[in-house]
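Everything below concerns the one structure shown next.
The values are calculated or read from the model by the stated rules, or taken from the named source; none is laboratory data. As the structure is a prediction and not an experimental result, all values here were calculated from the model. All Cβ positions, even for glycine, are placed from backbone atoms using ideal geometry, and neighbour counts span all protein chains on display. What goes into the accessible areas is simple: the full protein's heavy atoms, side chains included, and nothing from ligands, DNA or RNA. Shrake-Rupley method; radii C 1.70, N 1.55, O 1.52, S 1.80 Å.
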Amino acid sequence: MYNNYGNPPGMQMPPIGQMPSAGQMPSANPQPGQFGNPFYGASSGLIKTGLGAYGEKFLGSSSEFMQSNINRYFSNPQYYFHVNDQYVRNKLKVILFPFLHRGHWTRISEPVGGRLSYKPPIYDINAPDLYIPFMAFGSFIILAGFTLGFMGKFTPEAINLHFSRGLIGWALQIVILKGLLYSMGGGEVPLLDLVAYGGYLFAGLSLAIVSRLLWAYSYYVLMPWMSLCMGVFLVRTMKRVLFTEMRSSERHSTRQHYFLLFLAIAQFPLFFWLGNIGA
């Protein structure tokens with residue numbers, strides 16, 4: 001039989017004050033969770049492991065890509081300042097008097113970390129450096145100021161003009177060298193190498209300006225000579241880059257000679273434009 005609450009005998013009902021409300025009643029259809037779903041923990045662990053492995057692989061490949069491109073186009077800036085007094089003297093002789101250079105023009109290579117690398121300038125006279133270009137560029141600006149002073153035309157605006165002109169001339173030299181290499185199917189030479197080769201022109205340009213300060217007429221003799229020497233230096237250097245460092249194809253040899261000739265001829269107007277101080 002049933003009691004007054006409609007329950008069978010023996011079943012105790014809680015007091016009325018302790019009856020659970022409708023919101024506290026257990027649900028007839030419990031929501032699935034980590035205890036109701038046997039694959040919950042396994043699937044979560046697999047997703048985390050997969051995402052972690054993919055992230056490490058993506059970051060690792062991106063880091064290797066960026067590092068390879070930085071080394072490919074910019075190299076290590078400290079490499080270009082590893083010089084000494086002996087290197088500077090010998091390098092200036094090669095730049096200013098390339099006809100007297102009896103040694104080879106090939107850079108000295110060495111294996112480093114399983115890959116081929118080149119020795120720094122302190123150990124290789126044919127290695128490019130940035131010490132001489134920056135010092136020569138500073139000397140060019142100072143000598144331009146002296147020349148303007150002797151001519152009675154010294155003003156801050158005039159110095160600023162020659163500073164800007166020097167940077168533009170340097171950039172034009174780099175563009176010419178880059179265009180030459182690109183036309184030959186290359187272009188993988190580090191950018192700082194081209195910056196160094198392009199900046200060597202200020203060494204000969206500074207010497208020509210010094211001669212102008214000492215004797216005005218010597219300028220018109222020394223300027224063409226420095227232009228010729230710079231053209232010979234760049235032609236021999238670019239031939240080494242094309243045929244040795246880049247392993248360029250021989251079927252473009254005729255076209256290469258024409259481009260190298262253009263590189264040598266381009267030094268004359270560039271030198272005279274930069275050396276035209278006070279005009």
Task: Å² of accessible area per residue within the range 132-278, as computed with a 1.4 Å probe and no ligands counted - done: 47 Å²
Task: Other-chain or far-sequence residues with amide H under 5 Å of Tyr118's (modelled H) - done: Glu110
Open item on the list: Considering only protein heavy atoms and a probe of 1.4 Å, how much of the accessible area of the range 132-278 is carbon and sulfur, as a whole percent?
Closed with: 71 percent
Task: Among 93-100, 268-275, the order from most to least packed when residues are scored by Cβ within 10 Å on average - done: 268-275, 93-100
TODO: Of the options Leu116, Met151, Ile95, report the single residue whose Cα projects farthest towards the positive end of the charge dipole of the range 94-161 (beta-carbon charges: Lys, Arg +1; Asp, Glu -1).
DONE: Leu116
